[in-house]
Each structure stands twice: as structure tokens, then as C-alpha cells.
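Okay, here's the structure, questions in a sec.
Laboratory data are not the source of any read-out in this text; all were calculated from the coordinates shown. Fair warning: this is a prediction, and the values are worked out from it, not measured in the lab. Don't worry about glycine lacking a Cβ; one is built from the backbone with ideal geometry, like all the others, and counts go over all protein chains shown.
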Amino acid sequence: MTEFTPLASFIGGTLIGLSAVLLMALDGRIAGISGIAARLLPPYGDRSALSAFGFVAGLVLAPFAVMAATGQPVAQTVSSNLPLMAAAGFAVGFGAALGGGCTSGHAVCGLSRLSKRSFAATAIFMAAAFATVFIVRHAIGG
Amino acid sequence: MLFLVNLLLGLLFGVGLVVSSMSNPAKVLNFLDVFGNWDPSLAFVMAGAVLVAFTGYRLVLKRDRPVLAGTFHLPTRTDIDRRLVAGAAIFGIGWGLGGFCPGPALTALGLATPGVLVFLPAMFAGIWAARSLPDARLREA
């Protein structure tokens, strides 16, 4: 069970949206995290890797900033089934790179730009994710 | 300068993920579990983010160029090809298995749970593998 948190989730969402808008305004880039993560990998043709490292460093620091500001630990429950997490990580990276984006690039930035590809990708990955959780928790997990 | 701007915007994005609980896989999996103890909170994350980005992009993209860079890097393709469909499906399966998509997984790095320390290298291996496919046409997203 997790608690229903519409207000905190909405406020957090607006911060994500604000970051995406400012990244476009200042650096001219889509705030797609899988694309930014891909820029961490070689080859380093231009200077975009440096800004990608900056953005990722900010993401990594974020929970510590929240903990420092609130004095509360950040709740996070991660599966300790390591083969499952390895398979999940590979699928997330492979699928996002193949499909040109992830939750942020397609479902936030792409939908906001009314991109047809992003509407398609979002519908497909949401359906696949709902189906996967249904199978894991109800069809085989019981 | 761009490094610093990106660092601060990454921090803002990450704080958004943490405040919204999108960074918590348990929350994501309960959002995806409509037939169990469904927690619809994450729909509100999407709503908040898209509301701000939809409005903000309209203002920003009226400009000729970004403030600190030469051009806007915008995706130009409009076709829905097999790579998009297959990639999105594979991504969705991985998201449903682990409850992590790339942003939340990166915010989880410093908390260093064993699960995320396995997830992240596997994610980069997956990105690498997809880029290594013949005729890989990757775009930033």
C-alpha cells in the first residue's frame, strides 16, 4: 500500500514541467532523461556531454537536497530481486533508446509539444507497463 | 555556464521527482496496478508536468533561439515506425518490472540500494545495445 498523494504529486509534477521549460528556454533541449543519459556515453563529438553530466549530477543530488530541506528521509522501496532489476534496467535502456524516449521525453515533453510519435509511444509503454504489472502481480504473482 | 544551468535544472527536475514520489518504485508499481491497491497519484505528476510544459513551451518556442545556445534541438520526425512501437513496448515492460524509468533511477543512485546499483549499469548497457543496432536512428528525447 502507498498513500494517495495528489497534491504533492501535482506540485512535484509542476517542478518537472518547469525544469523542462527552462531547459528549452536556456539550452534549447528536450528534457528527456533517456536522451540525456545516452549523451553520457561516448563518442563525445560535441560539448553536449558536459551539459548532460551537469543535468545528471543535479538529478543525483536531488534526494539529498530534499532531505536537507525537510529533515525527513526520502521514501524509496526498490526490489532486491537483482536478476529482475538487471532485466528491467536493460529493457528500460534498450526500449527508450530504440523508441526515441522515455517517460520524460515522450510523456511530458512530447505530449506538451503535441507530437504524434510521443502520443503513440506513451500509449504503448503505458499499456505495456500496466500489462506487465498485471501479469507479475495477479497472473503469476498471485 | 551551460554545465551549471544543467546542474540546477537537473536538481529542479530531480526534486520534482522526489516531491511527487515518482522516484519511489513502490509508488510507480502501485500506480500501474489498477487491479490491486491502485494509487492514482502519479496521474497528478503527469498532469502537473504537462500543464506547465505545454504552456511554457508555447511561450519559449516563440523565440528565435534559446538564451544560452544557438538553436532549439527539436525532434522533427512524425512517422510512427516499428522502432518506436517496439522500443516503447520494451520500455514499458522494463518500467513495469522494476518501477524505475531513467530519471527516477538516476535520483536513486545516491541512496545506493542494491536494486538500483544493478538497474543503472544494465540501463546504460541497454542504451548502448540499442545504439549498436544496424541503422540505429536515435534521437534525443
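Here are some conditions: (1) at the interface with another protein chain (Cβ under 7 Å from one of its Cβ atoms); (2) more than 17 Å from the chain's Cα centre (by Cα); (3) surrounded by fewer than 20 Cβ atoms within 10 Å (Cβ to Cβ). Residue B:82 meets all but one. Which one does it not meet?
Among (1) at the interface with another protein chain (Cβ under 7 Å from one of its Cβ atoms); (2) more than 17 Å from the chain's Cα centre (by Cα); (3) surrounded by fewer than 20 Cβ atoms within 10 Å (Cβ to Cβ), the lone unmet condition for residue B:82 is (1).
If you take the residues of the stretch B:1-26 that are among the small types (Gly, Ala, Ser) and assigned to a helix (DSSP H, G or I), which of them is farthest from residue A:34 (Cα to Cα)?
B:26
Quick check on this structure: which one of B:63, B:131, B:77 is more than 7 Å from chain A (Cβ to nearest Cβ) and more than 22 Å from residue B:29 (Cα to Cα)? Steps first, please.
Working: B:131 fails: more than 7 Å from chain A (Cβ to nearest Cβ); B:77 fails: more than 7 Å from chain A (Cβ to nearest Cβ).
Exactly one residue qualifies, and that residue is B:63.
Only one of (1) outside any helix (DSSP H, G or I); (2) touching a residue at least 60 places away in the same chain (Cβ under 8 Å); (3) under 25 Å from residue B:113 (Cβ atoms); (4) not polar (S, T, N, Q) fails for residue A:97. Which number is that?
It is condition (1) that residue A:97 fails.
Here are A:132, A:70, A:122, A:77: which of them is facing chain B (nearest Cβ under 7 Å) and either more than 17 Å from residue B:106 (Cα to Cα) or among the basic types (Lys, Arg) (or both)?
A:132
Quickly run through the stretch B:27-68 and pick out the residues that are outside any helix (DSSP H, G or I) and surrounded by 18 or more Cβ atoms within 10 Å (Cβ to Cβ). First the steps, then the outcome.
Of the residues in the stretch B:27-68, the ones outside any helix (DSSP H, G or I) are B:33-40, B:61-68.
Those that are outside any helix (DSSP H, G or I) and surrounded by 18 or more Cβ atoms within 10 Å (Cβ to Cβ): B:33, B:39, B:66.
Another question, then. If I go through the stretch A:80-93 residue by residue, how many of them are facing chain B (nearest Cβ under 7 Å), farther than 29 Å from residue B:2 by Cβ and outside any loop (DSSP other than H, G, I, E, B)?
Count: 8.
Would you check if there is a residue in the stretch A:71-92 being within 20 Å of residue B:9 (Cβ to Cβ) and either crowded, with 24+ Cβ neighbours inside 10 Å or among the basic types (Lys, Arg) (or both)?
Scanning the stretch A:71-92, I find no residue that is within 20 Å of residue B:9 (Cβ to Cβ) and either crowded, with 24+ Cβ neighbours inside 10 Å or among the basic types (Lys, Arg) (or both), so the answer is no.
If I ask for residues that are crowded, with 24+ Cβ neighbours inside 10 Å and outside any strand (DSSP E or B), which ones from the stretch A:28-37 would you list?
Selection gives A:30, A:31, A:32, A:33, A:34, A:35, A:36, A:37.
Is it the case that residue A:54 is closer than 14 Å to residue B:49 by Cβ, at the interface with another protein chain (Cβ under 7 Å from one of its Cβ atoms), assigned to a helix (DSSP H, G or I) and in contact with a helix residue (DSSP H, G or I) (Cβ under 7 Å, 6 or more places away or on another chain)?
No.
Can you say whether residue A:59 is within 18 Å of residue B:98 (Cβ to Cβ) and more than 19 Å from the chain's Cα centre (by Cα), as far as the supplied structure shows?
no
Please work out if residue A:62 is assigned to a helix (DSSP H, G or I) and either at the interface with chain B (Cβ under 7 Å from one of its Cβ atoms) or on the phi > 0 side of the Ramachandran plot (or both).
Criteria met by residue A:62.
Now a separate question. In the stretch A:40-56, which residues are crowded, with 20+ Cβ neighbours inside 10 Å, under 16 Å from the mean Cα position of the chain (by Cα) and more than 20 Å from residue B:22 (Cβ to Cβ)?
Matches in the stretch A:40-56: A:52 only.
Right, here's the next one. Just checking, which of A:23, A:40 is closer than 26 Å to residue A:115 by Cα and outside any loop (DSSP other than H, G, I, E, B)?
A:23
Filter the stretch A:5-20 down to residues that are among the hydroxyl-bearing types (Ser, Thr, Tyr), closer than 16 Å to residue A:74 by Cβ and in a helix (DSSP H, G or I), then give me how many there are.
Number of matching residues: 1.
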